[in-house]
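The values are calculated or read from the model by the stated rules, or taken from the named source; none is laboratory data. Keep in mind that what you see is a predicted model, and the values were worked out from it rather than measured. Glycine also receives a Cβ, built like all others from the backbone with ideal geometry; neighbour counts cover every protein chain displayed. Ligands, DNA and RNA are stripped out before the accessible areas are found, and what is left, the full protein with its side chains, is counted by its heavy atoms. Shrake-Rupley method; radii C 1.70, N 1.55, O 1.52, S 1.80 Å.
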Amino acid sequence: MAVLLLEVKDLYCERDDKVLFENLSFQLQQGTVLHLGGSNGSGKTSLLRILCGLYHDYEGQIEFFGQKIDDELAYYHSSLLYFGHQVSVKLGLTALENLTWYARIQPQLDASLISKALTEVGLAGYEQVLCQNLSAGQRRRVNLARLYMQKTTDVSHSLWILDEPFTAIDKQGVAALEQHISAFSASGGTVILTTHQQLELNSKIQRLNLDDWGTK
Amino acid sequence: MTPKRKNRLMLVLFVILGGVVAVGLGLYAIDKGVGISVFYSPQQIADGEAPAATRIRAGGMVQQGSVKRDPNSLQVEFVLTDFKQNLTVIYKGILPDLFREGQGVVAQGQLDKQGVFQAVEVLAKHDEKYMPPEVADALEKAGVDADGQQLENNAGQEVSQ
Amino acid sequence: MMRVFWAELSRDLLLAFRHKGDFLNPLIFFLMVAVLFPLGVSPAADFLAQIAPGVLWVSALLATLLSLDNLFKSDFDDGTLEQLLLSPESTYMIALAKACAHWITTGLPLALMAPLLAVMLFLPAQAIVTLVISLLIGTATLSLVGAIASALTVGLKKGGVLISLLVIPLYIPVLIFGASAVQSAVDGLPVTAYLAILGAMFALSLVLAPFAIAASLRVSVSS
Amino acid sequence: MQFDTWVEFVDMGGHGLYVWLSFAIAAGIIIINVMLPWINQKKLIGSLQRKFQREGDLK
Amino acid sequence: MNMQKKQLMPKWFYQMASPKWCYKITGKLLPLFSCTGLALLLLGTVWALLYAPEDYQQGNSFRIIYIHVPSAILAQSIYVTMALAGAVGIIWKMKIADMVAYACAPVGASMAFLALITGAIWGKPTWGSWWVWDARLTSMLILLFLYFGVMALYAAMGKPSRAARATAILSLVGLVNIPIIKYSVEWWNTLHQPATFSLTEKPAMPVQMWLPLLVMVLGFYCFFATAMMLRLRNEILSREKRTNWVKELVTKV
C-alpha cells in the first residue's frame, strides 16, 4: 500500500553564509502528512520553496515518483498545490474571478467546484466582492478555497505544500481546515506543512525539525 | 502524440515561423534599399530629390582646383562633385586635416535659393586604406590608387571633357 | 496551451480596466512630454514639423519605459507570479500573454493617440498613417523586449532606474527605424522598407522574447 | 626609425597631443585593469588569513 | 566544524574540485599570459610609435589606430565571451562559467571606453570633430551601455548565483541585439570607414603598417586574458572561502 511519493536525498542549502541544512534526506509516502518544524530562520520556507521547484540554490536531489522534479517539472507541477506566505489573490478581482483564473492556470483544480469551495471556507455570498474589500483572513480563505477545488480523480498523486496555512484564520476555520487535510490524506493525498500551532489530525504524521540539520 | 509533445511541436513551429517572417521582411527591406540615402549626391540634389529648406547632408568628392579660401575670414568655397553634377558649397570654419582636393567629404547644411549649399559642418570621409606617403606618391605618379584603380582626377578629367 | 494564454491575458486586461490609472498614466505622460518640446525648444511650426518624427517616437518610447516597472511588480508582490510559475502550463505562453496585455494597455493607446500629438507638432499630414503604423509595430517590440528587463528587475527594491539602464540600449534599433520611417514619410520617400525592418524585429522578438521573459521570471522569483 | 630627432618624435607632425594622449589613456586603462584585481587579491588573501586565524583561535 | 563535515561528503569535495583545478591552472597560465602580453604590448608600442610609417593622408595621427582597433576588436569579442560563458553557466550550471562571465564585464567595458575615447581623439584631427553620430561610434557607445547594464544588474542582484543567471540572460539578449544594433546604426548614418581588419580579406594596408597592428591585437588579447584571470581568481577565492583547499592555500602563503 505504502507507495513512495517524494524522496529527498542529501539536500544542502546555505543562505547569507549560514548553512540552513545539509545532508538532509527523507522519504514521504502517499497519504502522509509531514509536519515541518524549526525555529524562525531555520529554513522552513526555503525548504518548501525548494520542494516546489521555485528556489534553485541548493545541492542534492528531489525525486517525485522516482523522477527528478526538474526533469519533469510540468508533470510535477500538475500534481502540486502550493500555499505560500503571500495572499496570492488579486485584490482587484473578485473571489470568483480569482478562483476561475486559478482553475484555468492550474488544471488540477476543478472550476465547477468554486461555489462549493467558497461555501466550505465560509465565504458563501462573497463571490462577487472585490478582494480588496475583504478582511485579511477572508483573503487567505479565498486562497485556501483552492484546497477544496482539487480534482478528485488523482488524489493519490497529489501533493500539497502549505506554508503556515493557519495564519489569520479563526478557530473554527482552523478546525475545518484540519479536518479537510485529514480527509485528503485519508484518501491518499500527501501534505507537507509548517505551522506553529498544535496539529490535530487523524492522519499519519511524520515530523521533521530543521533545527537538527543546520549549523547553529 | 501526447499533448505535451504536441505543445512542444507547436512552439517550435511558431518560433521557426517567426524566424522565417523576420528573415523574409529583412531581405525585403534590403532589396528595397533601406537606408541608402544617408546623404544626397550632387546628382540627386540637381535632380531635385533632396528636400529644400531643411538640413540635409551632401556627400561627394572635392573637385580638384575648386577650393577658394577667403583671405580675410575663415570662409571656404569649394565644389562638391560626383563626376556627373557639381554642387557649390560655402562653409565658414576650420576644416579638418583630411579635407583636401580629391578627397571625399560629407557636408551638413541647407540649400539656399541660388542652389548653393550653405554648410554648417564639413566632415572628411576617410577610407579604410592606409599607406605610407612614399607609396602614395609612387602610386600617384603611376596614376593608380591603392586598389590599382584609376585615380579620381583622371575620371574627373573625363567628365569635364 | 492557448487556454493559459487567454486566461492570463483576460485577467490582466480586466485588472487594467479596473485600475484605469495604470494605462492612463503613460498616455498622459506621452502627451505631456510631447508638449514640453514646443514650450522648451521652439513653438515655430516649421521647426516643430522638422523634429516631430523624433519627438513623437522618443516620447512614445519613454512612456512605454515608464510603464514597464509595473508589469510584473504587483503580481510579484501579491504572490500570484509564483503561482503562475507553478502552473504546469507553458511559461512561454504566460510570458507572451503578459507582454501582450502590456502592449494592449500601453502601446495600442499610444499609437492611437499619436495623430492628435502629430497635429499639435505640425507633422505633415502625409506622415500620420506611417506614424501610427510604425508605432503599432514598434511599441509591440518595445513591450516584448521591455518585459525581459522588467522580469529581470522585478525582485529588486530599486528596479525603476535599473530598467531604463538595461532596456534603452535594446530599444535603440526600434527608435532608429521607427523615427526613420516617419521621417521618410515626411520627405515623401518610400517607407515600406523601414516598416519591413520594424516588422522583422517584431517577429523576432515575438518568438524569442518570451523565452527570456520566462527564464528571467524564474530567476527573479527564486529569491 | 621614422623620426630623426627627439622633438620630432614628441611632436608627431603636429599630432603629438592626440597620439600621446591616446597611448597614455590606453596605458592607464591597462594598468588599472591589472593592478586593481592584483591589489584586491592581496587584500582578500589578507582578510581570509585573519578570518582563518580567528577561527583557529576559537578551536 | 563545517569543514570537517564537508570532507566526509565526497560529492562536495568533487564539486569543489572544479574551482580548485581552475584556480591552479590559471595560476600556471597567468605568468605566461602576462609576460607574453607585456612583451607584445611593449614591442607593438615601440614599433607603432617609432618604426611604423606615417599615413599619406593622416600623417602621424594614424598611429592611434594601434590602440583604437585592438580595443574595439577586444570590446566586441569580450562581449561574446561573456555572453557565451553566461550561456554555459545557465545550461550546464557551471559555477566557473558564471565567474568567467562576471570577470569579463569590467574589462570589456573599459575596452569599449578606450575604443570610444581614442576614436574621439582620432576623430578630431581627421574628421574635424571630437564626436560624430556615426554608425560605428554609436554602436560602440551602445555596446558600452550594454556593459553598464550587465554590471549594474550584477551589482543590484546581490546573491552571486542569482546574479549570474540574470546577467547571463541579459547578455544573451544583448548578444542577439548586437547585429541588429550594428546594422541599424550603419544604415542610419555613415561616416566611419569599413573595418580595417577582416579574416577573409587582405588588409588594405602594407605589411609594415599592419604587422605592428597584429602584434598590438595579440598583446591586447593577452592583456585581456591576464586581467580576466586575475579577477576570476579573486572571485574563486571569495566564493570558495569556506572550503578546505582555500584555507590550506591561504594559511600556507
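Counting protein heavy atoms only and a 1.4 angstrom probe, how many square angstrom of accessible surface do chains E and A bury in total, to the nearest 100? In total, chains E and A hide about 1100 Å² from solvent.
Between A:Lys204 and C:Ile128, what FRET efficiency comes out of the Förster formula 1/(1 + (r/R0)^6) with R0 = 41 Å and r the beta carbon distance, rounded to 0.05?
Result of the calculation: an efficiency of 0.05.
Based on DSSP H segments of at least four residues, each scored -39500 (n - 2.57), chain D has a per-residue ellipticity at 222 nm of -29500 deg cm²/dmol.
Accessible area of E:Arg233 (1.4 Å probe, protein heavy atoms only, ligands and nucleic acids ignored): about 30 Å². Couplings for the range A:15-20, taken from phi via the Karplus curve 6.51 cos²θ - 1.76 cosθ + 1.60 with θ = phi - 60°, read 9, 6, 6, 10, 7, 6 Hz in order; Gly and Pro are left as x. If the segment from A:Ala74 to A:Ser25 were pulled out straight at 0.36 nm per residue, it would be longer than the present Cα-Cα gap by 15.3 nm. Mean separation of Cα pairs under 8 Å and 6 or more residues apart, divided by the residue count, gives the range C:2-221 a relative contact order of 27 percent.
Remark on the range A:78-99: accessible area falls by at least 30 square angstrom from chain-alone to full-complex state for A:Tyr82, A:Gln86, A:Ser88, A:Lys90, A:Gly92, A:Leu93, A:Glu97, probe 1.4 angstrom. Ordered by solvent-accessible area of protein heavy atoms (1.4 Å probe), largest first, the residues E:Lys24, B:Lys84 come out as B:Lys84, E:Lys24. If only the Cβ of Lys and Arg carry +1 and only the Cβ of Asp and Glu carry -1, the dipole of the range A:88-152 around its Cα centre is close to 160 debye. Shape analysis of the range A:103-196 yields a ratio of the Cα radius of gyration to the Kirkwood radius, Rg/Rh, of 0.95. Within chain C, the selection of entire DSSP H helices by a Cα span of 18 Å or greater along the long axis and an average Kyte-Doolittle value of at least -1.0 returns C:2-18, C:20-40, C:45-68, C:108-120, C:128-153, C:159-186, C:192-221. By a 1.4 Å probe calculation restricted to protein chains, A:His157 has an accessible surface near 50 Å², given to the nearest 10. Mean projected area of the convex hull spanned by the Cα atoms of the range A:88-152, taken over all viewing directions: 3.7 nm². Pairing chain B with chain C buries about 1500 Å² of accessible area. This figure sums both sides and uses a 1.4 Å probe.
With contributions of -39500 (n - 2.57) from each DSSP H run of at least four residues, the per-residue ellipticity at 222 nm computed over chain C stands at -28500 deg cm²/dmol. Once the Cβ-Cβ distance of C:Leu116 and B:Gln103 is raised to the sixth power relative to R0 = 41 Å, the FRET efficiency obtained is 0.30. Across the range A:202-210, rounded Karplus estimates of 3J(HN,Hα) from the backbone phi angles (6.51 cos²θ - 1.76 cosθ + 1.60, θ = phi - 60°) give 9, 10, 5, 10, 10, 10, 9, 9, 5 Hz, Gly and Pro being marked x. At the nearest 100 Å², what buried accessible area, both sides summed, do you get for C and A when the probe is 1.4 Å? Buried area between the two chains comes out at roughly 2600 Å².
In the range D:8-59, one over the average inverse separation of all distinct C-alpha pairs is 14.3 Å, which is the Kirkwood hydrodynamic radius. Across the range C:1-85, counting alpha-carbon atoms alone, Rg and Dmax equal 17.9, 54 Å.
For the range E:148-163, a reduction of at least 50 Å² in accessible area between the chain on its own and the assembled protein chains (probe 1.4 Å) is found at E:Leu153, E:Lys159, E:Arg162. Mind jotting down the distance between the C-alpha centroids of chain D and the range A:138-207, whole Å? Measuring centre to centre over Cα atoms gives 63 Å. In chain A, the calculated helix contribution to ellipticity at 222 nm averages -7500 deg cm²/dmol per residue, counting -39,500 (n - 2.57) for every DSSP H run with n ≥ 4. The accessible area of C:Met120, taken with all protein chains in place and a 1.4 Å probe, comes to roughly 90 Å². In the protein assembly as shown, what percentage of the DSSP-assigned beta bridges are antiparallel, given to the nearest 5? Of all bridge pairs located within the protein assembly as shown, approximately 65 percent are antiparallel. If R0 equals 60 Å, the separation of the Cβ atoms of D:Asp57 and A:Gln197 corresponds to a calculated FRET efficiency of about 0.85.
About its Cα centre, what dipole magnitude does the protein assembly as shown give when the only charges are +1 on Lys and Arg Cβ and -1 on Asp and Glu Cβ, stated in debye to the nearest 20?
Charge dipole of the protein assembly as shown: 3200 debye, to the nearest 20.
For q = 0.13, 0.16, 0.17, 0.18 Å⁻¹, what log10 I(q)/I(0) does the range C:2-221 give under the Debye formula with an equal point scatterer on each alpha carbon and no solvent? The Cα Debye sum returns log10 ratios of -0.72, -1.03, -1.13, -1.24. With the charge dipole of the protein assembly as shown set up from +1 on Lys and Arg Cβ and -1 on Asp and Glu Cβ about the Cα centre, the Cα lying farthest toward the positive end among the listed residues E:Ile25, D:Gly56, A:Val129 is that of D:Gly56. Normalised by residue count, the protein assembly as shown yields a Cα convex hull volume of 199 Å³ per residue. Per residue, the solvent-accessible area of the range A:122-216 (1.4 Å probe, heavy atoms of protein chains only, all protein chains present) comes to 47 Å².
When the solvent-accessible surface of protein heavy atoms is calculated with a 1.4 angstrom probe, in what order do C:Leu81, C:Leu14 fall, highest first?
The most accessible residue leads, giving C:Leu14, C:Leu81.
Share of carbon and sulfur in the accessible area of the protein assembly as shown stands at 63%, probe radius 1.4 Å. Comparing C:Leu39, C:Thr130, C:Leu14 along the charge dipole axis of chain C, the residue lying farthest to the positive side is C:Leu14, per the Cβ-charge model.
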